[in-house]
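Have a look at the structure below, then the notes.
Nothing in this text is a laboratory measurement; each read-out follows from the coordinates by a stated rule. Owing to the predicted nature of the structure, the values given are computational and were not obtained by experimental measurement. Please note: Cβ atoms are built from the backbone with ideal geometry, for glycine as well, and neighbour counts cover all protein chains shown.
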Amino acid sequence: ISFPLGQLTINEKVNETRSAIADGATEIDYVVNITELKAGNQDYITEEMTRIVKACRDANVVSKVIFENCYLTDEEKTTLANIAREVKPDFIKTSTGFGSGGATLPDVKLMKSIVGDDVQVKAAGGIRSLDDALAFVEAGATRIGTSSGVALVKEFNKRYGN
C-alpha cells in the first residue's frame, strides 16, 4: 500500500487497503508517510497506522508497517517503533527493498528492543546469504524478506539436513 514512497493520504491508503483485501489480499504491507514523520507529525503517523491496522484487523488480515529505515534517523525509527508498540500491527518491517539500503542488524535490534513481543519484526532488503538471514533471526526478526529465498532454503537444507 502506497508503495514504494508512502506519500498517499491516510484516506487513500485506507481505501487502497480495503480494495486489496476485497481483491483477496491476506497480508497488507504499507509504507509510512516519511514526509509527515520527518515533519514531526506523530499524530498523523499514529492515525495512519491505527486506521490501516484496524482495516486489516476488521478483515482478519495481517498488517505490516514498512519503515524504510534507510531514510530515517535512529530517533525517527524509535518514534515509529514506539507508535507501533501502542497500535500493535502484526509486523514492523525494515524496508521495501527498493530504497537506497535494506535491513541492518542494528535496525532490527533497535526495533525489537522497543516493540518487544507485542509486534513482530520483518527484516527485508539486501539479505542474500543464509548466515545473514540467521543473524537477523538472532537479532529478533521473525520473518525475512529476500529475493534469494530458494537459495537460502537450499543452503539451509544442505547445511542442516532436510
Query raised in the report: Taking the Cα atoms only, what angle lies between the long axis of helix 10-22 and the longest principal axis of the chain, rounded to 10 degrees?
Result: 60
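Which of the chymotrypsin sites (Phe, Trp or Tyr not before Pro) across the range 62-147 are loop residues per DSSP, with 16 or fewer other Cβ within 10 Å? Present the calculation step by step, with values, prior to reporting the outcome.
On the way: sites: F67, Y71, F91, F98, F136; in loops: F67, F98.
Sites meeting the loop and neighbour criteria: F98.
So what's the projected area for the chain, the Cα convex hull averaged over all directions, in nm²?
If you wrap the Cα atoms of the chain in a convex hull and average its projections, you get 9.4 nm².
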Requested in this report: Mind putting a number on the dipole of the chain about its Cα centre? Charges go on the C-beta only, +1 for Lys and Arg and -1 for Asp and Glu, and I need it in Debye to the nearest 20.
Outcome: 480
Query raised in the report: At what distance in angstrom do the alpha carbon centres of the range 45-66 and the range 82-134 lie from each other?
Result: 17
Query raised in the report: Which Cα, out of T26, V153, C56, lies furthest along the positive dipole direction of the range 10-160 (beta carbon charges, K/R +1, D/E -1)?
Result: V153
Report summary line: Here the gain from full extension of D23 to T78, 0.36 nm per residue of separation minus their alpha-carbon distance, amounts to 16.4 nm
Query - Rounded to 10°, Cα long-axis angle of helix 74-87 versus longest principal axis of the chain - result: 70
Report task. Mind telling me which of G24, G126, G40 comes out most flexible in a GNM of the chain, alpha-carbon contacts under 10 Å? Result -> G24
**Report entry** K54-N162 FRET efficiency (beta carbon distance; Förster radius 35 Å; 0.05 resolution)
**Finding:** 0.25
